[in-house]
1. Report, ordered by chain and residue number, the lysines lying within cross-link reach of K181, taken as a straight Cα distance under 16 Å and ignoring same-chain residues fewer than 8 apart.
2. Specify the residue with the greatest mean-square fluctuation among G101, G130, G110, computed from a Gaussian network of the chain linking alpha-carbon atoms under 10 Å apart.
3. Of K55/K131; K183/K305; K75/K131; K4/K275; K65/K183, which pairs sit farther than 27 Å apart, going by alpha carbon to alpha carbon?
4. Which value in nm describes the separation of the simple spin-label points at L145 and Y303, placed 7 Å from the Cα toward the beta carbon?
5. Label point 7 Å out from Q184 along Cα-to-Cβ: which residues of the range 203-242 have amide N under 16 Å?
6. Considering the alpha-carbon set of the chain alone, what are its Rg and its Dmax in angstrom?
7. Leaving out same-chain residues fewer than 8 places away, which lysines sit with a Cα under 16 Å from that of K52?
8. Among Y303, Y234, Y147, which one shows the highest mean-square fluctuation when the chain is modelled as a Gaussian network with alpha-carbon springs under 10 Å?
Amino acid sequence: MNTKLIFTNNVADTLEKYVAENNFSDIFVHVDVNTAKFVMPILESQSETIRKAHKITSPAGDDNKNIEQLTGLWKQLSDAQATRSALFINLGGGMVSDLGGLAAATFKRGLTVVNVPTTLLSAVDASVGGKTGINFNGFKNHVGLFYCPDVVIISTVFFQTLTNYDMLSGYAEMIKHAMLKGKQCFDKVMAYDVTLPPVNPDALIGLIKESVLIKKDVVDADPHESGLRKVLNYGHTIGHALESLAVNDRKSTLAHGFAVAQGLVVETVLSNMLKGFDSAELHKLATYVKNSYGPYDITCDDYPKLLEYMRQDKKNIDSGNIDFVLLSDFGKPEINVTVSEKDICVALDIYRDLMGI
């Protein structure tokens, strides 16, 4: 991964130093309406670079990660006569870095990108690893490409603008990383209460760094998801299907991290069924998710739609099959595990029992 990761709570000074060391023709800052309101004023008061930069604002929400908004970003860059030597800063959550990263990667075949994540979810997931994309035809992240940012500046200073809901959404990805790493890491994450206000910036940034470096090791070994990197999708086959169900069929929203939390439970049930993952650890995870995130209310009537969305998952190798990442134990993932629809439905039944639905 050709990206420099900087873990610091001195974001403004870090940005100023980076810009001073490079010769950019122009600087653009991409935000959504929430970041523009709550975060931009903080950074503008500290950074001349941000004060003078062109501001590009997108609507908030994952449903705005679409072709129309992407076209809008291209037009604003074109109208401002941006050149390939311009700097494009994504300041915000995962929607901002996914959409903005794709716009910057494709405009004049690529601008330099810096990601400054302002949410926990973006800090540990979306801003790192080079994945960009938009939702298309009702499916999440269906169009995109790999394009690594030059720098990612990871901090906790903006988390004061978040709710506990936002913090929990990001924490689901940290749980996933911990399960992929090992039991000791999992137990450490389980023991930390990410919802206790106020957030202790210095304590949390250590946990975030450990989580991000787990992902970095995987991405470095497989930057384009041809094999090993698929392990990072643990919990996501079910999670993305639940997100699609919420948006397309229930006309509602389900935060990505909350969907992943449910997906972790279902896919750990499958891991227990098919790979012998420990039952006691499954119940520990399920109890944590139930108490912290709550269940997502589904019935057997939802199963056909969920299966349809899973068949569209990008990780599937053969058309018609549904492939998963499963764990035989903490730190022992297996990719490309084809699971029958019958076993998926059984796992969903067990999930509903565990969640008390």
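1. Output for K181: K209, K215, K216, K230, K332.
2. Largest GNM mean-square fluctuation: G110.
3. Numbers: K55/K131 23 Å; K183/K305 34 Å; K75/K131 22 Å; K4/K275 37 Å; K65/K183 35 Å.
Over 27 Å apart, Cα to Cα: K183/K305; K4/K275; K65/K183.
4. Distance between the two pseudo-spin positions: 4.2 nm.
5. Residues 207, 210-211, 214 qualify, since their backbone N sits under 16 Å from the label point.
6. Final numbers for Rg and Dmax: 19.9, 59 Å.
7. Those lysines meeting the cut-off are K17.
8. Y303
The values are calculated or read from the model by the stated rules, or taken from the named source; none is laboratory data. These numbers were taken from a predicted model, which means no experiment stands behind them. Because the Cβ atoms are built from the backbone with ideal geometry, glycine has one as well, and the counts that use them run over all protein chains shown. Just the protein is used for accessible areas: all its heavy atoms, side chains included, with ligands, DNA and RNA removed. Shrake-Rupley method; radii C 1.70, N 1.55, O 1.52, S 1.80 Å.
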